[in-house]
Amino acid sequence: MPKKMPLQTIASQLKQFWSQQGCMIMDAYDTEKGAGTMSPFTFLRAIGPEPWNVCYVEPSRRPADGRYGKNPNRLYQHHQFQVLMKPSPDNIQELYLTSLKELGINPLEHDIRFVEDNWENPSMGCAGVGWEVWLDGMEVTQFTYFQVVGGLSMSPVAVEITYGMERLASYIQDVNNVFDLEWADGVRYGDIFKEPEYEHSKYSFEISNQAMLQQLFTAYEHEAQRLIKLGLVHPAYDYVLKCSHTFNLLDARGAVSVTERAGYLARIRKMAHGLAQAFVLARRKLGFPLIQDDDQRHAAQEKYDAQHPHSVKQTSGGKN
Amino acid sequence: MTHDFLLEIGLEELPANVVTASVDQLAQKVTNYLKAERLTFTGLKKFSTPRRLALQISGLADRQPDSDTEVKGPSEKIARTDNGWSKAALGFAHSQGIQPDDLVIKEVKGVAYVFANKHVTGQPAVTILSQLPNVIASLNFPTMMRWGTHQFQFVRPIKWLVALLDTEIVPMQLVDIQAGRTTQGHRFLGHPLELKQAQDYQAALEEVFVLADAQQRKQRIKDQIMAIAREQGWQVNLDAQLLEEVNNLVEWPTSFYGQFDQHFLTIPREVLITSMRNHQRFFYVEDEKNQLLPYFISVRNGNRDHLENVIQGNEKVLAARLYDAAFFYEEDQKHSIADFVTKLKEVSFHDQISTMYEKMERVQVITALIGKQVGLSQPELAELQRAASIYKFDLVTEMVGEFSELQGIMGEKYALLQGESPAVATAIREHYLPNVAGGALPATKIGAVLAVADKLDSILTFFAAKMVPSGSNDPYALRRQAAGIVSIVYQQHWQLPLDVLLNEVVQTEARKQFSPKVEQAPVIPQVISFLKERIKRFLKDTEVRYDLVNAATASTSTDICFMISSANELQKQQNKADFKANIEALSRVTRIASKQAGSFATIDPLLFENEAEVALHGAVDQLQNDFSQKSVASDYQQLANLRPVINDYFEKTMIMAENQNLKANRLAEMNRLARIINEFASVDHIMTK
């Protein structure tokens, strides 16, 4: 195994590999989020009948996990390499294992296991079935067949593969402290992220303006709800993401009592559900154009119309 | 001639905890199916790994036996016309697929009917077996999933299907998979493999690094681990649950050991074990004095090649976890228990009920009442009070935040470190018990009182907040908590009438201004019947007859121990010759009383008309004095002793007398007696036939 594959090379190798499997290479989405799943390239695109194959690196912020840059394993912001394939290919496990080989991880020289781990994100109305993948005892990947997203049942089913970039890299580079990872030749992870880790931790745990955050949450929520009603799915979704991050900041501050926590999560869930429905409707209005085969596309349209007799009033643009 | 049949379902990795249950279920359903189809066999062997469920059936019949059936048709009157068979008869023959000439006439209860006698040739085994996909599709799993474009639901995606009858493929399809003879070897060490015949399964798979027999695989793991332990001179606890899980994570096990830095041994043992066992599926090792050693044993799904990578990787992961744990342990000790308790004011027990701190205030009220009732000494009461005022503090420690399964356990550790008495520390740990159905109960009295009080408060407040378990929906595990109360109270032999206790609890809380946000008083009867349901469950697991359980729990008593004891007493008595007569006599009294509710007028002896009335009155007076003073056995005996008096009374006394005064007087006597009987058991529930 090449001992010092830099983190950026790991990312580019994975991009290259998955693009060869038919995935589009996208970039990170520009609104704060807690996981790659929350990028619209996953959350929204997993929904509905259209095929969708994508990969991207997503910086993911979890304010409560910040440790002022002092813990060797925990970060305010880590990086996820995200793959989403819909419908899930039959050989997805083999593809995943091949991707590890591309990174120099030969399964015969390690112990790779698929350990049950069903995933749930109640605040986004999501649930899936799958595994965490263990590499010599370390969880390096979350592997999930989505069953429900935004409260909607998946059909077809999308499979999501989320590699923890720092974990994987610390394994490949044989480094014990995340800040010692090599990002690019001669530049270490700590050189880039140690100071931001400290500052964000300081901010999240000590300095953030709680009253302002609470106001922001409510303002973002109102805007999202207004936009959902107008069918402006993507701007509405941006505001849902902002709500979610704002909530995470409040939570890190310990400002959210268990009481309020349930309330906040319910508010986000309600919006996520509304959005999921609005997104499919918008795609239906376009006629589900990503379905290449004419017969299949028409079948998907008819199936949607039959299930939503009142939603589609105007579909003239769809059937071409 | 008989056959061997092999069925193998290849899957993406199953959850370890469903592997065994799934192959058992498959075996059961296939057996039921073959029985229903009358296809006999002599042997069935189960195989299971994380990637496959398989059955090997031996001595399988070549075909179903032929069968003769007789189907009844229309009556002869309808079936015959002057010119031969009627349309009805012809239609019947056609529907049964026989010639009209083959219809026969037979009498049933004096009326003649036409019958069709059919000889059905048994189907060959391959035909019956080819329907197995329906059986497979009927399997149930705790979590089901869909994949790809399929609507089909199963535990994990199905990857291949092998169905071999001796050397031949049994044609069948499941979802989009055709059955064949190709199985898969170990994911990394093996390769796809064509099976020549059903019999070869186990040996052939071993060639491609799969130990398909779960028992054999488990034995190999045990042998490997014990060999390591012997070589190193270690003690290993082969935790059965962990072994089962590990066994279902591997197809080709290779056990190995690794180590961790000695200085982590300063972390409490439970934390180390939780990190190793629960998080990494490692076996921990000890020296001969049962002291933890800085080593672990784990099992790789593979062979010994490059094992050093696997060891190093696992050591690194464990070190990272222990590093965190050590940090938390150190951090937590920088705070006093009082600091943590103060923090509980910010922690919600439930948003509609109260904070955790307020819950502890209520539990202090409850422990004080129970402690006094069950006769704790002054020093014990003082320790109980101390325990109840801090017992949830570890919830806000970093360690429990990270290792939630250590709640209570860390509480005990930290309490001792901060100089609390052992009794207080133990009670903090024990208040969670029993933490699984049928689990260990608190060993100390103080722990038992705290455990009961904590659970009682949860049930009372959740009921008051209208969060009552229904069906499978019991998110706060109130049923398990209620069952815990029943087990503890019974084990401790406490006399604890729930109605009195709960009313006192609610009143005292109100007086001290500790009441939760929800109104508890109105739900007390509901809480008592909820607990009575758990007593029923508790008794159902014993020998006690069903109706006797119902009789004891439908009594007016609200004392848990008393109800259980009276059920046991009834069970002891039910085989005795006089039981039926005793119960019948008592039932006469309670039936009349229940039909004529109301009259509890003072009984006037001057209105007695016969000696039987005098005798019964005296007997009930006596009973009122002695009842519930000694034991349930004595209570039963006292009631049983009344039988001749009661029977004599009914023989000589007309209760529904014309004279209203006489009638009221007699009903009052019945009510007085019925009240005592009903306290013991609702005798109406007892079947005496």
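Every number here is computed from the coordinates shown, using simple stated rules; none is lab data. The shown structure was predicted, so the numbers you read here are calculated from the model rather than taken from an experiment. Note that we place each Cβ from the backbone using ideal geometry, even for glycine, and neighbour counts take in every protein chain shown.
Results, tabulated for the structure shown:
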{"item": "³J(HN,Hα), Karplus 6.51/-1.76/1.60, whole Hz, each residue of the range A:28-34, x for Gly, Pro", "result": "4, 7, 8, 10, 4, 7, x"}
{"item": "Restraint check, B:LYS345/B:LYS455; B:LYS87/B:LYS118; B:LYS289/B:LYS392; B:LYS29/B:LYS222; A:LYS33/A:LYS202; B:LYS29/B:LYS218, Cα-Cα greater than 27 Å", "result": "B:LYS289/B:LYS392; B:LYS29/B:LYS222"}
{"item": "Cα shape, the range B:214-332, gyration tensor, a/c 1.5 rule", "result": "prolate"}
{"item": "Pairs beyond 19 Å (Cα-Cα), from A:LYS15/A:LYS86; B:LYS532/B:LYS580; B:LYS576/B:LYS689; B:LYS445/B:LYS572; A:LYS242/A:LYS285", "result": "B:LYS532/B:LYS580; B:LYS445/B:LYS572; A:LYS242/A:LYS285"}
{"item": "Cut-off 12 Å between beta-carbons: net charge of the residues surrounding B:MET656, Lys and Arg +1, Asp and Glu -1", "result": "+2"}
{"item": "Gyration tensor (alpha-carbon) shape descriptor, the range B:501-586, a/c threshold 1.5", "result": "prolate"}
{"item": "Rg over Rh, two decimals, chain B (C-alpha only, Kirkwood Rh)", "result": "1.10"}
{"item": "For B:GLY302, residues with placed amide H under 5 Å, excluding near neighbours", "result": "B:TRP252, B:THR254"}
{"item": "Unmatched cysteines, the protein assembly as shown - criterion: no other Cβ of a Cys under 4.7 angstrom", "result": "A:CYS126, A:CYS243, B:CYS561"}
{"item": "Local electrostatic count, B:HIS119, Cβ distance below 12 Å [Lys/Arg +1, Asp/Glu -1]", "result": "-3"}
{"item": "Local net charge near A:VAL149, Cβ-Cβ under 14 Å (Lys/Arg +1, Asp/Glu -1)", "result": "+2"}
{"item": "Three-way shape label, the range B:67-120, alpha-carbon gyration tensor, a/c 1.5", "result": "oblate"}
{"item": "Amide hydrogen neighbours beyond the local backbone of B:ARG63, cut-off 5 Å, H modeled", "result": "B:ALA125"}
{"item": "For the protein assembly as shown, alpha-carbon Rg over 2.2 N^0.38 Å", "result": "1.18"}
{"item": "Separation of alpha-carbon centers, the range B:322-363 and the range B:10-40, rounded to whole Å", "result": "47"}
{"item": "Debye-sum result for chain A in log10 I(q)/I(0), which assumes one identical scatterer on each alpha carbon, at q = 0.07, 0.12, 0.13 Å⁻¹", "result": "-0.30, -0.88, -1.02"}
{"item": "Inter-centroid distance (Cα atoms) of the range A:178-197 relative to the range B:73-141, Å", "result": "82"}
{"item": "Equivalent ellipsoid, the range A:126-209 (semi-axes from 5 times Cα gyration tensor eigenvalues, Å)", "result": "31, 21, 10"}
{"item": "Cα centroid separation, the range B:177-204 to the range B:270-317 (Å)", "result": "32"}
